[in-house]
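One structure is given below, encoded as structure tokens.
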Ligand SMILES: [Cu+2]
């Protein structure tokens, strides 16, 4: 019988470390997003089928928000954007990528960069005087720590599970209806009618497993909040306070500010740590009355549930 070669420590050590700590070395992450037009349903009373432009991971299938792009600090990222729409578009990751130039209809571009510090970033189309973004061209870019740990950053606060909330607003009659039919939007007038959390009205947002905070008492949830809209979002968590870990990408330091409501201005982000402290079901909702509605119908706007078991 042939003798098996003994394994040397230097051969197995990297594998052991990778198994213990998750991702150990920077990797290359390739993504492709397609810009297209389509319609997006906001279900329930006050909802509507809205003309949108969005990023999708498949052609002719816009998603609101666009797919979340998740990488690790230090990764090489190659993000291909294919413009299958009839207007110029781009994709800018706020604070990360710097190429603001347009991708013409039928064109494509590869954005290549190194994943920055762990945190939560907004990507959006910066062209056309906010119209492209309002129509749905935005999403989340999430950078996890290089060691793969469930922590906000290397050595930062740990969490049990995470959620990403991309909140936004749309003015269906004055912007989406007009731009969706090829017209020119009067950008001086913006009176949003629909308010979304992860592309959903509140009736769906309160049921969506990727949106609700749902876990066991004693767990902690890292909630990554991205405001892709044009109005500030004041988000009120019932049941318990949360700790503010980052404010628009700026890491805070311990002791972290504890709040029950956080104001997230347009085009900014916040990472908060919520402690699941007591059994029960509680709401999380926008505290501006109109923004927790769909066309005036209560609670079909920015709202979700906190469910603790
Ligand atoms: Cu409240």
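The values are calculated or read from the model by the stated rules, or taken from the named source; none is laboratory data. Owing to the predicted nature of the structure, the values given are computational and were not obtained by experimental measurement. Reconstructed Cβ throughout: ideal geometry from the backbone, glycine too, with neighbour counts over all protein chains shown.
Restricting attention to strands (runs of 3 or more DSSP E) lying wholly within segment 115-191, give those where 1 or more residues are farther than 21 Å from residue 76 by Cβ and outside the structural domain of residue 46 (by TED's automatic domain parsing).
161-170
Can you tell me how many residues within segment 220-253 are away from the ligand (no atom under 16 Å from the Cβ) and in contact (Cβ under 8 Å) with a residue 60 or more places away in the chain?
Result for segment 220-253: 15.
Which numbered condition trips up residue 202, out of (1) within 16 Å of residue 42 (Cβ to Cβ); (2) touching a helix residue (DSSP H, G or I) at 6+ places or on another chain (Cβ under 8 Å); (3) surrounded by fewer than 22 Cβ atoms within 10 Å (Cβ to Cβ)?
(3)
Here are some conditions: (1) under 23 Å from residue 181 (Cβ atoms); (2) buried (at least 18 other Cβ atoms within 10 Å of the Cβ); (3) without any contact (Cβ under 8 Å) to a residue 40 or more places away in the chain. Residue 132 meets all but one. Which one does it not meet?
Every condition holds for residue 132 apart from (3).
Of these, 178, 185, 189, which one is in contact with a helix residue (DSSP H, G or I) (Cβ under 7 Å, 6 or more places away or on another chain), free of Cβ contacts under 8 Å to residues at least 60 places away in the same chain and surrounded by 15 or more Cβ atoms within 10 Å (Cβ to Cβ)?
185
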